[in-house]
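See below for the structure under consideration.
FYI, it's all coordinate maths here, none of it is from the lab. Everything numeric here is computed off the predicted structure, so don't read it as measured data. Positions of Cβ are generated from backbone atoms using ideal geometry, with glycine treated the same way; all protein chains shown enter the neighbour counts.
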Amino acid sequence: MWSQLAPAFRITLVLTVLTGLVYPGAVTVLCQLLLPRQANGSLVSRNGHEVGSSLLAQSFANAAYFHPRASAANYDAAASAATNLGPTSQKLLDRVKADAVKFRQDNPAFTGPIPSDAITTSASGLDPHISPAFADSQLPRIASARHITVDQARSILAAHTESRQLGFLGEPRVNVLEANLDLDRQFPGK
């Protein structure tokens, strides 16, 4: 029996070392050498302090900032999840209606149709981007709160609008954290 178990233990030990230590160690070293920012979570620093990640949404409720999409996870990466409410759910309908009312209250100068991402959550609840239309709908509020012109706020939006990847993948988008940090840099609060 030992003659059959010994090779099984040896191969288990070899595969454990290879797949549990050598391979992950090699990938970690390569990532740290080739893509250190991405390997460390795409953290964003200002004045020597980490203020967030460009990959994860965070809440901005102040009128002087771009607001992100609503989050079913309350912007908690450990609780990342969608609501799983279906299109016939009364709870979903009530939440969307409440979000539409809140959007109109927060952005009284905006009279157009509400951008869909202003009242819907992303699948993970942590999407760091919003559509340019949603960002544009917030410009009058931001300009008023910062005592700047809408065109000055629009310049921030233009600088942070990312186009489709490779020209055809995805949709144009605005990273909320990056745009808000640039607002603070260029137009600090009075």
Assigned charges on the beta-carbon of Lys, Arg, Asp, Glu; region 1-141 dipole about Cα centre (debye): 80 debye
Integer Hz, Karplus 6.51/-1.76/1.60 couplings in order for region 103-113, x for Gly and Pro: 4, 5, 5, 6, 10, x, 6, 8, 10, x, x
Read-out Cα extents along the principal axes in Å, derived from the coordinates shown; its label in (1) 63, 58, 33; (2) 81, 45, 33; (3) 49, 48, 26: (2)
Residue 123-residue 80 pseudo-label distance in nm [points 7 Å out on the Cα-to-Cβ vector]: 1.2 nm
Sum of side-chain charges, residue 131 neighbourhood, beta-carbon under 10 Å (Lys, Arg +1; Asp, Glu -1): -1
Furthest towards positive pole of dipole, 61, 131, 85, structure part region 58-186, Cβ charges: 85
Stretch gain in nm, segment residue 100-residue 161, where the contour uses 0.36 nm per residue and the Cα spacing is subtracted: 19.6 nm
Lys/Arg +1, Asp/Glu -1 at C-beta; the chain dipole; positive extreme among 119, 47, 27: 119
Phi to ³J(HN,Hα) by Karplus 6.51 cos²θ - 1.76 cosθ + 1.60 over region 62-73, Hz, x for Gly, Pro: 5, 5, 7, 10, 5, 9, x, 5, 5, 10, 5, 9
Shape box of region 1-40 [Cα atoms, principal axes, largest first, Å]: 52, 11, 6
Charge sum, other residues only, whose C-beta stays under 14 Å from residue 103's C-beta, Lys/Arg counted +1 and Asp/Glu -1: +2
Extension reserve of the residue 91-residue 28 stretch, reckoned as 0.36 nm per residue once the Cα distance is removed: 18.3 nm
Positive minus negative residues near residue 174 (Lys, Arg vs Asp, Glu; Cβ under 10 Å): -2
In region 100-190, the chymotrypsin sites (Phe, Trp or Tyr not before Pro) that fall in loop regions by DSSP, at most 16 other Cβ within 10 Å: 168
Cα-projected label distance for residue 47 with residue 35, points at 7 Å along beta-carbon direction, nm: 3.2 nm
Sites residue 169 and residue 60 - FRET efficiency at Förster radius 35 Å, r taken between beta-carbons, to 0.05: 0.85
